[in-house]
Amino acid sequence: MPVVDLAVDRNLLCANFDGYKLSFDAVAVLRQSLQRDPFKLEPHARNQYSLLHTELFARHNLLFSDPWARHNCYYVNTAHQLVLCSYDEQRGQARDQRIVYEMQLSDHGDGFAHIPGDYNYTLRFISEKYCVLCDGMLSYTLLDTGDRGRATTWQLITRTPINQIDPITASSSCVDFPRGFVLYDARLDIVQERKQISLAAGHVARRTAATELQTDVHIMEITWSRWVLDDATWRYDVCVKLETKGSIYYCAFEPRAQSLILCSNGELQTEAQREAAKAEEVAQPRAQLQNGQEQAEETEQAAYTWTQTEEDVTLRFPLANHVTCNDVHINCTQNQLQVECQSQMLLNATLFASVDNELTNWTVEREQLQLTLSKQQHEHWPRLLDAADEADSEPERLPIPNLEDPIEECDFPLDSASEDIKMVRFNLPTNAITHTIFLGAAPPLFVSTLRPGFPAAFATRQGSDGAVWLQQFQPARPEEWSVRHEGNLHAFGYVQASKQQRKFVDCCPDLDYAVICESYRHVFIYKPRNDSAGGLRNRNGPQVVIGKQNLVTLDDDVGEVLGLITAPNVITILTEHAVFYLQV
């Protein structure tokens, strides 16, 4: 399986950036009252107590952006009406709010209302004319918005259950059916001269333990489905169902929607793969299962991880209790490395490139052996071992370059035992994962839509900066896939790590600014593209570049922040009792 490297474009970096300076320049804030409060559901203590439920509600942005008209955004009020909030950039004023669509609720045995277990509404714009609405319960709705630049009322095109199950029939026949979905992504493509709308929805489900040695777990189910326009009729089909035990940090289709890109800290698998693994576990006797667990523990003890910078390579070996330095024997030459502990060979292989064996150092601390090798040539290694040795060993995870630069405490994960985070490309024709990006222990900083019609971009921590990435897809070569360094937010990796109370993080489509919003009142705005600091320069170095930081404090009577949308020169914030427009 190809491993995709996050190759940083050094032309986008700013080596002489020296942080952000707090600016006392006033930021104009326009407040607009609401006729009705936004519709918002809370996690229910009866059946929504898992980490997945908590994350899903905490990260839900109740303000929906229109990528084709960035100064327009939408929310759903308590009367189940879709309301337009618009900002006039030429006049610098907010337009009056306007209702564009009223939800058509159906009675599924719930009295036309959301019940505990349902999620909030989700809206995704897929073109200048169409948008998809998920009601948070059971159904998708396809709407014709017309010309959204004019005062038009949206029209219903079609509506369908997400799982193609009639809830009334399912309830009467005592069939258990999933309820409560959130729409992660929707995309419109023209395939073989037909319109095709691809949809990806998530649902938190509970899986019963397969054996007595296991416990029940919550998983995230991803339903990949499609609408296809056939002879003026929209035909709906479910393509595949995926699931993972981890959190979903990113979920977006690639162009033409032959593959789905997901980022999670859990393994992604199909229902067939899960059933096959479950059947294999049930068929094994308990003794064999226990032996397998013991062997897995021994293998885990013998495993190692590695990271690198341009100058060094660091290997970490987990050790058993009461292992001291006298139990470890290391033999390192320019190209060969042998690591032995208590007569057990942990590693015996040829390195990818030459190292300076005289500068090799190692320590044993906290049941871990840390070995540092100094490269003879300062360059990035695509792998640790020579190709021949790597073919005989287990696949190793490729680290992110310069992730381990020891600068601040926030460089290191809070929980060293947390699972690694991966971004995978699941290809529908092959029904398998074709590409992988290893992100280490840190999830993406945020996800944002930069251009209409393009997949969502994601930002990762690269040293102290925040790097923004976009998918690269070539229709002529669908087997190839990569990501491109689209832009850089200087020092934003450290900035967001210092904001422990952050709720929403986003950036402007042209990367002119980034914003961090807390749950109540505080909004931090960062502009990395600022002038040099009055001609200041480092000693014997270039001029210093300093960004600008603004702090905006909202009124204390507006309640919790429920949504945030960015656009050139304006930030729109939805709270429980008002909408704010921040002119930046």
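Quick notes on this one:
- Any hit, the range 348-359, residues being among the small types (Gly, Ala, Ser), within 19 Å of Asp312 (Cβ to Cβ) and in contact (Cβ under 8 Å) with a residue 40 or more places away in the chain: yes
- Subset of the range 574-584 that is more than 15 Å from Gln93 (Cα to Cα) and open to solvent by less than 10 Å² (accessible area, probe 1.4 Å) - its residue that is nearest to the chain's Cα centre (by Cα): Leu574
- For Thr566, the test of being within 17 Å of Pro444 (Cβ to Cβ) and at pLDDT 90 or above is passed.
- For the range 362-378, filtered to residues that are modelled with pLDDT under 90 and assigned to a strand (DSSP E or B), the residue that is surrounded by the most Cβ atoms within 10 Å (Cβ to Cβ) is Leu369.
- Filter result for Phe438 (aromatic (Phe, Trp, Tyr) and buried (at least 20 other Cβ atoms within 10 Å of the Cβ)): no
- When the range 177-203 is filtered for residues that are modelled with pLDDT under 90 and touching a helix residue (DSSP H, G or I) at 6+ places or on another chain (Cβ under 7 Å), the ones remaining, listed by number, are Phe177, Val191.
- Meets criteria (among the hydroxyl-bearing types (Ser, Thr, Tyr), touching a residue at least 40 places away in the same chain (Cβ under 8 Å) and open to solvent by 20 Å² or more (accessible area, probe 1.4 Å)) for Thr78: yes
- Residues that are at pLDDT 90 or above, in a strand (DSSP E or B), surrounded by 16 or more Cβ atoms within 10 Å (Cβ to Cβ) and of a type in the set (Val, Ile, Thr), drawn from the range 519-561: Val523, Ile525, Val552, Val561
- Taking residues in the range 453-472 that are closer than 17 Å to Phe426 by Cα and of a type in the set (Phe, Trp, Tyr), and partners anywhere that are modelled with pLDDT under 95 and open to solvent by 10 Å² or more (accessible area, probe 1.4 Å), not one pair has Cβ atoms closer than 6 Å while being at least 6 places apart or on different chains.
- Set Val323, Val339: member being buried (at least 18 other Cβ atoms within 10 Å of the Cβ) and either closer than 18 Å to His378 by Cα or touching a residue at least 12 places away in the same chain (Cβ under 8 Å) (or both): Val339
- Meets criteria (polar (S, T, N, Q), within 30 Å of Leu52 (Cβ to Cβ) and open to solvent by less than 70 Å² (accessible area, probe 1.4 Å)) for Ser106: yes
Here's the yes/no breakdown for (1) in contact with a Ser or Thr (Cβ under 7 Å, 6 or more places away or on another chain); (2) polar (S, T, N, Q):
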site: Ser482; (1), (2): no, yes
site: Glu486; (1), (2): no, no
site: Cys507; (1), (2): yes, no
site: Ile516; (1), (2): no, no
site: Val523; (1), (2): no, no
site: Pro528; (1), (2): no, no
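- Residue ID - least open to solvent (accessible area, probe 1.4 Å), chosen from residues in the range 304-320 that are touching a strand residue (DSSP E or B) at 6+ places or on another chain (Cβ under 7 Å) and in a loop (DSSP other than H, G, I, E, B): Leu319
- First in the range 301-316 and within 10 Å of Trp381 (Cβ to Cβ), second anywhere and at pLDDT 85 or above and among the basic types (Lys, Arg), Cβ under 7 Å, 6 or more apart: Val313/Lys375
- Spans of strands (runs of 3 or more DSSP E) in the range 69-155 with at least 3 residues over 29 Å from the mean Cα position of the chain (by Cα): 98-102
- Pair list, Cβ under 9 Å, 6 or more apart: the range 558-584 residue under 19 Å from Asp25 (Cβ atoms), other residue of a type in the set (Gly, Ala, Ser) and outside any strand (DSSP E or B): Asn569/Gly92; Val570/Gly92; Gln583/Gly92
- Only one of the numbered conditions (1) at negative phi; (2) in a loop (DSSP other than H, G, I, E, B) is not met by Gly453, and that is (1).
- Candidate set from the range 456-509 (those that are of a type in the set (Phe, Trp, Tyr) and open to solvent by less than 20 Å² (accessible area, probe 1.4 Å)); member that is farthest from Thr307 (Cα to Cα): Phe504
- Hits in the range 562-571 - residues which are open to solvent by less than 10 Å² (accessible area, probe 1.4 Å) and closer than 14 Å to Phe64 by Cα: Leu562, Gly563, Leu564, Thr566, Ala567, Ile571
- Of all the listed residues (Leu41, Leu13, Leu30, Leu34), the sole one being in contact with a helix residue (DSSP H, G or I) (Cβ under 8 Å, 6 or more places away or on another chain) and in contact (Cβ under 8 Å) with a residue 60 or more places away in the chain is Leu41.
- Matching residues in the range 109-136 - criterion: being open to solvent by less than 30 Å² (accessible area, probe 1.4 Å), more than 11 Å from Leu183 (Cα to Cα) and not polar (S, T, N, Q): Asp110, Gly117, Asp118, Phe125, Ile126, Tyr130, Cys131
- Any hit, the range 50-64, residues being assigned to a strand (DSSP E or B), modelled with pLDDT of 95 or more and not charged (D, E, K, R): yes
- Test for Leu41: is it under 29 Å from the mean Cα position of the chain (by Cα) and over 25 Å from Pro568 (Cβ atoms): yes
- Asp327 meets the conditions (1) within 19 Å of Val3 (Cβ to Cβ); (2) at pLDDT 85 or above in every case but one. The failed one is (1).
The values are calculated or read from the model by the stated rules, or taken from the named source; none is laboratory data. Keep in mind that what you see is a predicted model, and the values were worked out from it rather than measured. Neighbour counts run over all protein chains shown; Cβ positions are idealised from the backbone, glycine included. All accessible areas refer to the heavy atoms of the entire protein, side chains included, with ligands and DNA or RNA removed. Shrake-Rupley method; radii C 1.70, N 1.55, O 1.52, S 1.80 Å.
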